[in-house]
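These notes are about the structure you will find just below.
The values are calculated or read from the model by the stated rules, or taken from the named source; none is laboratory data. Please read these numbers as outputs of a predicted model, since none were measured by experiment. Cβ coordinates were reconstructed from backbone atoms using ideal geometry, including for glycine residues, and neighbour counts include every protein chain displayed.
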Amino acid sequence: MTNPISIASETERPAALEIDEQLVDDIAALLASGQHGMVLNLVADLHPGDLARLISRLSRDEARLLFDWLPADVGGVVLADLDDAFRAELLEEVQPERLTALIDELDTDDAADVLADLAEEVALQVLPALEDAEDLRELLGYPEDTAGGIMAAEYVAVPSTWTVAEATEEVRRNAETVEAIFAVFVIDEQEMLRGVVTLKRLLLSPADARIGDIMKSEVIAVTTDVDQEEVARVMERYDLVSLPVVDTQGRLVGRITIDDIVDVIREEAEEDLQLMSGITGDEETTDSVFRVSRGRLPWLLLGLLGAGFSGMVIGFFEQGLEQAIVLASFIPIVTAMGGNAAVQSAAIAVQGLTSGELWLSDMIKRAGKEVAVALINGLVIAMLLSGVVVVFGLGDVMRLALTLALTMFSVVLLATTNGTLIPFLLKRLGIDPASAMGPFVTTLNDIIGLTVYFLIASFIYLR
């Protein structure tokens with residue numbers, strides 16, 4: 001006979017087990033030997049997030065087996081903490097009846113995410129049987145990266161004519177279905193958002209006070225079509241833990257809580273980091289080899305194309321290199337300094353554009369500041385490199401020193417300017433500016449840097 005498990009509250013849960021290789025190996029061994037009860041007892045006290053992490057460390061077959069053993073109330077909560085691709089794979093062979101039970105355990109925002117990951121025919125089969133089918137149909141109609149796509153349809157709303165006692169009772173009635181109640185929203189007969197009352201204000205007000213008298217009428221809200229990054233910026237700017245979402249007419253349709261925004265911030269940061277590294281921006285550690293390859297290969301091919309152009313530049317000046325082999329030894333320095341300067345300026349531009357601190361109208365002002373910085377940095381690097389040539393007496397000392405000084409000054413200036421302007425241009429074109437940090441900028445600056453280097457060398461050193 002097996003012992004059912006449940007998710008314990010924070011006050012009830014003992015010290016959490018550490019998710020390490022030993023625990024993963026122990027669970028895998030117990031799964032292999034069919035120790036159903038022992039496995040469930042061992043994971044009974046794990047937080048849903050830790051249990052999700054454990055499942056993601058198992059092999060696919062082991063993960064499916066453990067997930068199948070979990071009761072629906074536990075498995076449903078764990079689903080919300082799994083990454084999308086892994087979750088979709090885990091649910092491929094789950095029967096519709098169990099899917100329904102699992103999804104019914106989730107808040108509507110998480111349930112919509114799970115449904116979106118299912119095959120269309122499976123989602124259509126499961127959806128009608130769900131308790132919140134109507135709300136989920138509406139949520140699935142919004143793009144997943146908008147306020148409508150990340151909001152939950154569960155919230156507490158009361159008319160302004162109610163008393164504090166009536167509103168408090170409404171909070172109690174909804175306590176089971178609406179988790180983490182931070183505020184009560186105030187609506188009129190047409191469900192238009194009119195105000196908000198924090199839970200603290202509600203508890204500290206007299207029971208017979210009217211909600212309309214204690215509510216805050218200046219409510220910060222977003223519409224369903226606002227991008228999730230902008231939602232995160234709004235909540236950060238105004239220190240909000242709960243944000244109401246309204247439709248285009250101003251009717252209250254949902255809310256976004258701080259835990260949803262933490263996920264958004266993490267996802268956006270991971271996406272930007274991957275784009276900066278030359279990855280499509282949606283790679284997960286649990287992705288298949290083919291999926292990972294598909295995400296990286298286009299950028300590698302772009303880098304190959306850029307390297308081919310760089311090779312063509314070197315080939316065009318091959319005769320000059322044969323006359324002065326010493327020029328070849330400085331090619332890595334030219335390309336490295338150009339790439340580093342571009343990445344530095346691009347990183348600040350991307351960070352500012354992503355956070356909202358920089359606007360498209362700031363492009364010229366930002367470029368001017370970066371040019372000033374590049375003039376100083378380029379001059380210092382030019383002097384240092386030409387000084388090395390003089391000290392070690394390389395080649396035709398004076399002409400080589402002058403060639404390298406002018407090259408490094410020009411390359412740093414051009415690379416810094418490119419690194420600043422390209423993110424702004426990409427943003428204007430509706431492309432994530434973080435992609436400027438990948439092979440695109442570095443490859444472009446390799447080509448420009450080498451061209452500048454050999455042109456200057458042709459006019460000064462090779463004459």
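Contact annotation: residue pairs with Cβ atoms under 6 Å, 6 or more positions apart or on different chains, pairing a residue in region 296-315 that is in contact (Cβ under 8 Å) with a residue 12 or more places away in the chain with a partner that is of a type in the set (S, T, N, Q), are Gly303/Thr443; Gly306/Thr443; Val313/Thr451. For region 353-370, the set of residues classified as of a type in the set (Ser, Thr, Tyr) and either closer than 18 Å to Asn418 by Cβ or surrounded by fewer than 13 Cβ atoms within 10 Å (Cβ to Cβ) (or both) consists of Ser355, Ser361, listed by residue number.
Out of Glu97, Glu138, Glu89, one residue alone is exposed (fewer than 15 other Cβ atoms within 10 Å of the Cβ) and part of a helix (DSSP H, G or I). It is Glu97.
Consider Val78 carefully, then state whether it is touching a residue at least 24 places away in the same chain (Cβ under 8 Å), crowded, with 17+ Cβ neighbours inside 10 Å and either over 26 Å from the mean Cα position of the chain (by Cα) or not assigned by TED's automatic domain parsing to the domain that holds Glu93 (or both). Considered against the rule, which asks whether it is touching a residue at least 24 places away in the same chain (Cβ under 8 Å), crowded, with 17+ Cβ neighbours inside 10 Å and either over 26 Å from the mean Cα position of the chain (by Cα) or not assigned by TED's automatic domain parsing to the domain that holds Glu93 (or both), Val78 comes out as no.
With respect to Ala152, is the statement that it is touching a residue at least 60 places away in the same chain (Cβ under 8 Å), in contact with a Lys or Arg (Cβ under 9 Å, 6 or more places away or on another chain) and not β-branched (Val, Ile, Thr) true? Spelling it out, Ala152 is indeed touching a residue at least 60 places away in the same chain (Cβ under 8 Å), in contact with a Lys or Arg (Cβ under 9 Å, 6 or more places away or on another chain) and not β-branched (Val, Ile, Thr).
The listed residues are Val397, Val373, Val390, and the only one of them that is within 16 Å of Met337 (Cβ to Cβ), surrounded by fewer than 23 Cβ atoms within 10 Å (Cβ to Cβ) and free of Cβ contacts under 8 Å to residues at least 60 places away in the same chain turns out to be Val373. When region 426-451 is limited to residues that are crowded, with 22+ Cβ neighbours inside 10 Å and either of a type in the set (Phe, Trp, Tyr) or at pLDDT 90 or above (or both), the one that is farthest from Ser361 (Cα to Cα) turns out to be Leu450.
Just checking, how many residues over region 199-222 are in a strand (DSSP E or B) and either more than 16 Å from Leu252 (Cβ to Cβ) or touching a Gly at 6+ places or on another chain (Cβ under 8 Å) (or both)? Explain how you work it out, then say what you get.
Filtering region 199-222 down to residues in a strand (DSSP E or B) leaves 210, 216, 222.
Pick out the ones that are also either more than 16 Å from Leu252 (Cβ to Cβ) or touching a Gly at 6+ places or on another chain (Cβ under 8 Å) (or both) and you get 210, 216.
Within region 199-222, residues that are in a strand (DSSP E or B) and either more than 16 Å from Leu252 (Cβ to Cβ) or touching a Gly at 6+ places or on another chain (Cβ under 8 Å) (or both) number 2.
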